[in-house]
Structures are given as structure tokens and as C-alpha cells.
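Worksheet for the structure shown next.
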Amino acid sequence: MAREKKRRSNGRRSPLAAAALIGAGLLITGGVYAGASAAFATTEQTSVTAQVSAEEGEKLFQANCATCHGLDLQGTPDGPSLYGVGELAVEFQMSTGRMPMQMSGPQAPQKQPQFTQEQIESIAAFVQTIAPGPSYPEERILDGEGDIAHGAELFRINCAMCHNVAAAGGALTEGKWAPSLANTSALHLYAAMATGPQNMPVFSDTNLSPEDKRDIISALLFQQQAVQVGGFTLGSLGPVSEGLFIWIFGIGALIAVTVWITAKSN
């Protein structure tokens with residue numbers, strides 16, 4: 001009898017082992033639940049953030065843009081329809097300060113933006129939900145690692161007649177102008193080609209492939225960072241500005257010297 005009790009005593013589990021087993025089970029279950037909840041919360045938060053951004057953009061649009069472009073983006077006599085422009089065009093126009101316009105004119109000038117970048121992206125997100133159009137490109141398109149020589153050739157063929165060979169900009173007809181590209185970001189260079197703002201034509205992927213656009217952007221970024229080795233650029237406007245400089249200062253200096261010599265001889 002004593003031997004049987006001893007055998008049962010040896011086979012009985014300790015209360016601490018049972019508690020440890022329960023604790024381990026609860027820990028594993030809690031960890032799995034916490035991980036699943038975190039993953040779900042991240043997905044849900046991303047969705048909610050995007051939705052809130054578009055909702056905030058709608059409020060900003062109705063308060064600041066609908067007067068000209070209409071509550072439904074259909075346009076008014078004071079502003080064009082935004083159907084098909086997409087978020088890329090909105091981001092370009094607003095972040096460069098071209099929109100909202102201060103007054104009507106041949107062309108919207110670039111100025112300080114009136115909204116923060118977050119507000120601009122919110123308005124762009126709203127427009128994209130209502131009137132989808134060109135969107136942001138892949139990061140590699142803007143990396144500046146394309147074929148610079150090929151991009152410079154494409155720029156001379158397609159862009160230099162307005163923006164100047166040195167991308168310094170130039171005058172157009174009827175009071176319009178092509179802006180300088182000396183400080184334009186890679187994103188806005190792409191946006192200009194993809195959306196055709198102001199007087200610029202749209203260069204679709206059938207005209208200039210994404211790789212062509214990448215090469216042009218790379219060439220312009222290289223030119224922005226290049227060191228000018230020829231002295232003063234004189235606005236990089238070519239022989240016109242250089243000839244004018246020589247005419248005014250060079251010929252003027254010769255005339256002044258001639259007058260001085262004549263006065264001295266008299």
C-alpha cells in the first residue's frame with residue numbers, strides 16, 4: 001500500500017508545472033493575436049490615412065478652388081474643367097505657385113505656393129479620385145542616372161526652341177514665355193512633359209518614352225549642377241545677350257576713350 005502511494009506521488013505533476021504550461025500557452029496566444037492585430041491595424045490605418053487625406057483635400061478644394069473650377073471640377077467661365085488632369089498636374093501647378101492665380105493674364109507666373117505640401121497633396125489626391133489623370137512616376141525616372149548625352153540630344157530636338165539650348169528660358173508670342181529650368185526639380189520636369197502646363201505641349205509615352213523622359217531629366221539635372229567654366233553666363237541667352245554686352249560696353253568704352261583723347265588734344 002505504501003509502495004503504491006509512493007508510485008502515485010512520483011507520477012503526480014507539480015502545480016508549478018501546470019502554471020508554467022498555462023502561462024506559456026497564454027503568452028503564445030497573446031503574441032499571435034497581437035501580431036495579427038498590429039498587421040490589421042497597419043493596413044486599416046493606411047486606408048484611413050488615404051481617405052482622410054482625400055477628404056481634407058475636398059474641403060480645401062471647395063474653399064479655395066471651386067470658385068473657378070466648379071464644385072464638381074466641371075469648370076466655370078473663370079476656370080477650365082479639371083477632368084483628366086490628375087494629381088500630377090495639380091501638384092505641379094500648386095507647388096510652383098502658379099495656382100491659384102492672382103489675376104488673369106497670358107500665363108500664370110511662378111510664385112511662392114499658398115499651401116503647404118501636405119495640403120497640396122491632399123487636394124491632388126481628391127482630384128485624382130474624381131478626375132483621374134497622370135500620376136507620379138516611378139522613382140527611377142527621377143534618379144538622374146539616365147543617358148545624359150541622349151537626354152541632351154532629345155532636349156535640343158524637342159525643347160530648346162522654347163526653353164533655349166541652355167534651358168535658360170525665353171520669350172514666346174502674345175506676352176507668354178518659356179520659364180528657365182535652372183532650378184526645376186526632377187518631379188516638376190517630368191510633370192511638365194507629362195501634363196503640358198501653360199503653353200507647353202503634352203509629351204505622351206508615344207512621343208517620349210519613360211526612358212526618354214528619364215534621359216532628358218538626367219541631362220537637365222547634370223546641367224544644373226555643372227560648373228560654368230566660361231566666365232559670366234550673361235543669362236545663358238547665347239549670342240544675343242553676348243553681342244548686346246559687347247555693343248553696349250565694348251563700343252561704349254571705345255567711344256569714351258575717343259572722346260577723352262579728342263578732349264585732351266584740344
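A simple spin-label model places the labels of Glu139 and Leu244 4.4 nm from each other, with each point 7 Å out along Cα-to-Cβ.
Here's the list of aspartates and glutamates a cross-link from Lys213 could span, going by alpha-carbon distance under 16 Å and ignoring same-chain residues fewer than 8 apart: Glu138, Glu139, Asp143, Glu145, Asp147, Glu153, Asp205. Cα convex hull, the stretch 120-212: 126 Å³ per residue, rounded to a whole number. Among the aspartates and glutamates, which have Cα under 19 Å from the Cα of Lys59 when same-chain residues fewer than 8 positions away are ignored? Reachable aspartates and glutamates: Asp72, Glu87, Glu91, Glu118, Glu121. Inter-label distance, Asn183 to Gln102: 1.6 nm, where each label sits 7 Å from its Cα along the C-beta direction. Remark on Gly170: its backbone amide H falls under 5 Å from those of Ala178, a criterion applied only to residues 5 or more positions apart or on other chains, H modelled at 1.01 Å from N. Listed by chain and number, the aspartates and glutamates whose C-alpha is less than 17 Å from the C-alpha of Lys176, apart from same-chain residues fewer than 8 away, amount to an empty set.
Bear in mind these aren't lab numbers, they're just calculated from the coordinates by the rules spelled out. Predicted model, so just to flag it, every value in this text is computed and none were measured. Note: ideal-geometry Cβ built from the backbone for every residue, glycine included; neighbour counts use all protein chains shown.
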